[in-house]
Amino acid sequence: MPRGLRVFSRENYANPPLDSVPAFCDAWWGDGAAAATVHDEDGNVNNSVTRIGVLVSGGGSNMQAIMDRIDAGEIRGRIVLVVSDQPEAFALERARRAGIATAVYPYHAYPSRGVFTVAILDALRAAGVELVVLAGFMRMLTGDLEAAYAGRMMNIHPALLPSFGGPGMYGHHVHEAVLAYGAKVSGCTVHFVTEEVDGGPIIVQRTAPVREDDTPATLAARVLEQEHLAYPEAVRLYCDGRLRIEGRRVRILDEAPV
Ligand code: GRF
C-alpha cells in the first residue's frame, strides 16, 4: 500500500453494504476484509485516483495484471473492493493478500437475479466505486447495474468482438467456436458494458494468431497473454480521463480534456 494511505475497516462505513442486503441473502465479507475507503493521513478521502471495483468468479489473472500496473504506478486508480459470487475464487485470495476488501455474494442464496444484482450494486456504491471492472465474472446481472454504471463499467471478452460473442459465448466455448469456424486470428476485446451481451462500445482490442495445432486450451492461453496487456491498458486510459464514448465508438484522446 502506498505510503500515506490508510485503509479503514468495514466499521468505518457510513452505509455498510450488509445493511442494505436482505438478511436471507447471506452475503458476507471475507476474513479480515479491509475496507474500501482510501484516506490520506488526515483522514480525508483521497480523490486523486479512480476508485475501482472488480467483479470476479475465478482465478483473477486479469485482475492481477491490473493490480500489477497499479502497483507499478502506471494506473491512476485503486482497487477498493473485489466482489465474487464464488467463495472459493482464487481471485479473492489475491485480493486479500494485497489488503483489498472482498465481498462474496453466492448467487444461489438470492431469490432472483434482480436481488443479487442490487446487493452487489449496493456494495459497490457503499465502497464509493467509480469504475466497475468485470474480470471473469460468470453471472449475468440485471440492467440496474448497467444503468447505474453506464459508461463506467468494463468487461473483457476472449475474442475479437463482434465475432464469437453474445449469449453462450464464454470460456472454452469461445475458443472452440473460433477453431471450428477456421478463423486465422483471434484475440481479446475490452468494452464498455451495456445491456446487450458483449455488445458495448469497444475500448481496446489485441490480436493473437490461431495456430494449426491449436486446441481450445492452447488458444485460450495465447489469448490470455493479450488480455493481460489489453485490460490494464483500458483501465489506464479510463483513469487518465482519455476515453470518450461517441455512440458505438470510443475515442482515445491524446490527453484528458481540461
Ligand atoms: C478471461 O479469459 C476473460 O476473457 C473471461 O474470463 C477469463 C477470466 O480469467 N471473461 P481470469 O480469472 O482473469 O484469469
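The values are calculated or read from the model by the stated rules, or taken from the named source; none is laboratory data. Keep in mind the model is a prediction, meaning the values are calculated, not measured. In this analysis, Cβ positions are derived from the backbone assuming ideal geometry, glycine residues included, and neighbour counts consider all displayed protein chains.
Here are some notes:
- Flag if residue 125 is more than 16 Å from the chain's Cα centre (by Cα), away from the ligand (no atom under 16 Å from the Cβ), charged (D, E, K, R) and not assigned by TED's automatic domain parsing to the domain that holds residue 249: no
- The residues of the stretch 162-190 that are within 11 Å of the ligand (Cβ to nearest atom) and touching a strand residue (DSSP E or B) at 6+ places or on another chain (Cβ under 7 Å), listed by number, are 165, 187, 188, 189, 190.
- Inclusion of residue 190 among residues that are within 15 Å of the chain's Cα centre (by Cα), at pLDDT 95 or above and outside the structural domain of residue 57 (by TED's automatic domain parsing) is warranted.
- If you check 208, 150, 234 for being crowded, with 16+ Cβ neighbours inside 10 Å and touching a Ser or Thr at 6+ places or on another chain (Cβ under 9 Å), only one passes: 208.
- Breaking point among (1) free of Cβ contacts under 8 Å to residues at least 12 places away in the same chain; (2) assigned to a loop (DSSP other than H, G, I, E, B); (3) within 16 Å of the ligand (Cβ to nearest atom), for residue 137: (1)
- Count of residues meeting criterion [surrounded by 17 or more Cβ atoms within 10 Å (Cβ to Cβ) and closer than 19 Å to residue 143 by Cα] in the stretch 79-114: 5
- Every condition in (1) of a type outside the set (A, V, I, L, M, F, W, C); (2) more than 13 Å from the chain's Cα centre (by Cα); (3) within 24 Å of residue 192 (Cβ to Cβ) is met by residue 84 except one, and the failing one is (2).
- Residue in the stretch 90-99 that is away from the ligand (no atom under 14 Å from the Cβ), assigned to a loop (DSSP other than H, G, I, E, B) and under 24 Å from residue 238 (Cα atoms) present: yes
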